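What follows is one structure encoded as structure tokens, with my remarks underneath.
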Amino acid sequence: MEDWSAFGRIDADGTVFVKTADGERPVGSWQAGTPEEGLAHFVRRYEDLVTEVNLVEARLGSGAADAAHSLATIKRLHASLPEAHVVGDIDGLSARLEKLTTVATEKADAARAARDVARTEALAAKTALVVEAEGLAADSTSWKASGDRFKAILDEWKAIRGVDRKADGELWKRFASARDTFTRRRGAHFATLDASRKQAQGAKDELVAEAETLSTSTEWNATANRLKELMTEWKAAPRASKEVEQKLWDRFRAAQDTFFSHRSEVFAARDAESRGAIERRQELLALAEGLDVDADPKAAQAAMRDIQAKWHDSGRVSRDAAAGLDRRLHAVDEKIRQAMDVAWRRPEPSASPLLLQMRDQVAEAEDKLSRAKAAGDAKRIREAESALAGKKQFLALAEGQK
């Protein structure tokens, strides 16, 4: 470790000076102890600056940070040096920041160029989709295939990012117009086809067949909506002969009754399951709210993790019922987190404020990982583990500078 105190001195009246290539300048006053203690105090401030520069340099080198953001941080640090109340190698740190400025500028320019290329490619891709859609709308008679292709084009459209809002809006108007044109042509075609049918029985046979197929479906919302649509279509269709009409109606109505009766039974079972799950969660909540967080935060945290795991396995609960229970459980979890933060934030008198902040971030990341594991959410677990590893890495790097 460098002896940064060699770059400073304290005169007889307690004024602290830092030595630079341009000469000495005062950076503060020390009256609370020996000159050595005073220099050590201002050296620690300088080491905090060095730690921040090290972190920016590491993140910039690893590609983890946005280059433009890093450049702004570097400029801010560099601009602060002439007035910084620290004792250390100001000139050396300034030279490092100048080099980092060059590196960050190059990376920011490269990122900007990459975004421009991506934007151009995205615009070309959406333009190609619009041209294809306009071609289908103009002369395609493959109704099923073209309809499926319009859906696929829409999915591809949603996946393309980076086009500026004005250009995207103009292309979308063209695509929407092409889709509407195709929809109108297809509708006119089938309207003409339906008009050519001499009997209504065929149309209602289809409605009955679909209703009977849907009668065993467990896609409750979609099927219920579709059955309502089928009823609307039934009422709009021409009537068949009286005898055939009644037989078709009896089959159609029976299919609907079968579906809605089954749905009622399933919903009743769900309600019973939900009531049981609510009771189990209320019991767990009573345990959580009974934890003595102030006496032993760590033990409370361990108990809370077990409660959260059981909470996840307690069964299905309706969204409205779950909201209030989840808020109360979160309040306990937040109380534990704050207690753990207080325990965590008991630093040595000489501890760096930056290191304290980074340790808090590690604790928060560990807490998020615990909640993700308790929820059994694989995606959140992966994201939490990745975030925790990164924060621990930078904390280790920062502590290595002390």
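The values are calculated or read from the model by the stated rules, or taken from the named source; none is laboratory data. This one's a predicted model, so the numbers in the text were calculated from it and none came from an experiment. Positions of Cβ are generated from backbone atoms using ideal geometry, with glycine treated the same way; all protein chains shown enter the neighbour counts. Just the protein is used for accessible areas: all its heavy atoms, side chains included, with ligands, DNA and RNA removed. Shrake-Rupley method; radii C 1.70, N 1.55, O 1.52, S 1.80 Å.
Some notes on this structure:
- The stretch 37-48, subset farther than 19 Å from D91 by Cβ and touching a strand residue (DSSP E or B) at 6+ places or on another chain (Cβ under 9 Å), residue least open to solvent (accessible area, probe 1.4 Å): G38
- Test: residue in the stretch 43-58 that is modelled with pLDDT under 90 and either among the acidic types (D, E) or within 19 Å of A79 (Cα to Cα) (or both): no
- Near pairs, Cβ below 6 angstrom, 6+ apart or cross-chain, from the stretch 346-375 (at pLDDT below 90) to any residue that is small (G, A, S): L355/A398; M358/A398; A365/A387; K368/A384; L369/A384; A372/A384; A374/A309
- Any hit, the stretch 362-377, residues being loosely packed, with under 12 Cβ neighbours inside 10 Å and assigned to a helix (DSSP H, G or I): no
- Single match in G162, G88 (criterion: farther than 30 Å from G8 by Cβ, outside any helix (DSSP H, G or I) and not polar (S, T, N, Q)): G162
- For the stretch 1-29, the set of residues classified as in a strand (DSSP E or B) and exposed (fewer than 11 other Cβ atoms within 10 Å of the Cβ) consists of G23 only.
- Among the candidates G88, G92, residue that is touching a helix residue (DSSP H, G or I) at 6+ places or on another chain (Cβ under 8 Å), within 30 Å of T73 (Cβ to Cβ), open to solvent by less than 70 Å² (accessible area, probe 1.4 Å) and modelled with pLDDT of 90 or more: G88
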